[in-house]
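Enquirer: There's a structure below that I have some questions on.
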Amino acid sequence: DTGVSQDPRHKITKRGQNVTFRCDPISEHNRLYWYRQTLGQGPEFLTYFQNEAQLEKSRLLSDRFSAERPKGSFSTLEIQRTEQGDSAMYLCASSRQVNQPQHFGDGTRLSIL
Amino acid sequence: AQSVTQLDSHVSVSEGTPVLLRCNYSSSYSPSLFWYVQHPNKGLQLLLKYTSAATLVKGINGFEAEFKKSETSFHLTKPSAHMSDAAEYFCVVSDPQDAGANSKLTFGKGITLSVRP
């Protein structure tokens, strides 16, 4: 059990640029979740996958955001035309199945200049 | 709908004294409840979970929490604080019986625990 891995740990970019984050879940974990955490707040749910199927998206996930999990293993989260308000920590979590505890990665901190 | 209220945003204790971090929840179903801890610039680590078994739940690092349905509370306690306990603590609820929830976690705003030498 090597834990959830996220890359990069930090991303600094200019407003209007596109960014992509990667999450590698714990192997054999079917469920993968993305959360966003802004300063001084708890994480907020963005979206989740059951294997390769994206089953739910939060209203927080505007059309500039897209997430994929093409082979049911790693996942990517892309933000197009970044805005100042996108600055946050993006956290990935995985679980073996529904109702099992979610294990979190260390997150990707996005800073928009 | 599910929600969590952590009324205290900051708690400060002396090393060796007890810790009490309060949490109240709202849920339409029988909830699963969790406490997670987050150290600076790190991800979240699960401290303990309640899933309708024993109401007193023991977790890692000497923490425990008691589920009280009548008070809709799930307070986190530790008998003796250690310097390494200084971190952000999140109370979290999940509604496993709510098909619409899909086991997504709903977090409170978090409590910053400071430990004085």
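What follows is calculated from the coordinates using simple rules that are stated; it is not laboratory data. This is a predicted model, so every value here is computed, not measured. Using ideal geometry, Cβ is built from the backbone for each residue, glycine included, and neighbour counts are taken over all protein chains shown.
Enquirer: Cα convex hull of chain A: how many Å³ per residue?
Expert: On the way: hull volume 10.7 nm³, N = 113.
In chain A, the Cα hull volume divided by residue count equals 95 Å³.
Enquirer: Per residue and in Å³, how big is the convex hull formed by the alpha-carbon atoms of chain B? All intermediate terms of the calculation are to be shown ahead of the outcome.
Expert: Numbers: hull volume 11.1 nm³, N = 117.
Hull volume normalised by residue count: 95 Å³.
Enquirer: Please find, in a Gaussian network model of chain B (springs between Cα atoms separated by less than 10 Å), the residue of B:V19, B:V11, B:V92 whose mean-square fluctuation is greatest.
Expert: Taking springs between Cα atoms under 10 Å, the residue moving most is B:V11.
Enquirer: Further question: Only bridges whose two residues both fall in chain A count here: according to DSSP, what percent of them are antiparallel, nearest 5?
Expert: Details: 34 of 38 bridges.
Beta bridges within chain A, antiparallel portion: roughly 90 percent.
Enquirer: Counting residues in the stretch A:67-113 as N, plug N into 2.2 N^0.38 Å and put the Cα Rg over that result. Please report the intermediate quantities before stating the final value.
Expert: On the way: Rg = 13.1 Å, N = 47, 2.2 N^0.38 = 9.5 Å.
Expressed relative to 2.2 N^0.38 Å, the Cα Rg reads 1.38.
Enquirer: Put a dot 7 Å past each Cα toward the Cβ at B:D8 and A:T2; how far apart are the dots in nm?
Expert: Label-label distance for A:T2 and B:D8, simple model: 4.0 nm.
Enquirer: Could you give the dipole magnitude of chain A about its Cα centre, charging the beta-carbon of Lys and Arg +1 and that of Asp and Glu -1, in debye to the nearest 20? Provide the component values of the computation, followed by the final result.
Expert: Numbers: 15 positive and 13 negative charges, 63 e Å.
So the magnitude is around 300 debye.
Enquirer: Next up: Once you've got the GNM for chain B with C-alpha springs shorter than 10 Å, pick whichever of B:N61, B:N24, B:N41 has the biggest mean-square fluctuation.
Expert: Largest GNM mean-square fluctuation: B:N41.
Enquirer: While we're here: Just A:R22, A:R36, A:R81 to compare: in a GNM of chain A, with alpha carbon springs under 10 Å, which one fluctuates most?
Expert: The residue with the greatest mean-square fluctuation here is A:R81.
Enquirer: Using Cα-Cα distances under 8 Å and only pairs 6 or more residues apart, what relative contact order does chain A have, in percent? Before the final figure, lay out each step's value.
Expert: On the way: 284 pairs, mean separation 42.4, N = 113.
Worked out over chain A, it gives 38 percent.
Enquirer: Determine which residues of the stretch B:55-78 fall in the zone a paramagnetic label at B:L46 would reach in this model, i.e. backbone nitrogen under 14 Å from the point 7 Å along Cα→Cβ.
Expert: Backbone N within reach: B:58-60.
Enquirer: Over all directions, average the projected area of the Cα convex hull of the protein assembly as shown and note it in nm².
Expert: Values: hull surface 50.1 nm².
Quarter of the Cα hull surface area: 12.5 nm².
Enquirer: State log₁₀ I(q)/I(0) for the stretch A:7-59 at q = 0.26, 0.30 Å⁻¹ as given by the Debye formula over alpha-carbon point scatterers of equal weight, solvent excluded.
Expert: -1.20, -1.20
Enquirer: Continuing with this model, one more query. Apply the Karplus curve 6.51 cos²θ - 1.76 cosθ + 1.60, θ = phi - 60°, to the phi angles in the stretch A:29-40 and return the couplings in whole Hz, x for Gly and Pro.
Expert: 3J(HN,Hα) across the stretch A:29-40, in whole Hz: 7, 7, 9, 9, 10, 10, 10, 10, 10, 9, 4, x.
Enquirer: Then there's this: How many nm is it between the label spots at A:L113 and B:A54, if each spot is 7 Å from the Cα in line with the beta carbon?
Expert: So the label points at A:L113 and B:A54 sit 5.4 nm apart.
Enquirer: Quick one: check the C-alpha center-to-center distance for the stretch A:67-103 versus the stretch B:33-94, whole angstrom.
Expert: 24 Å
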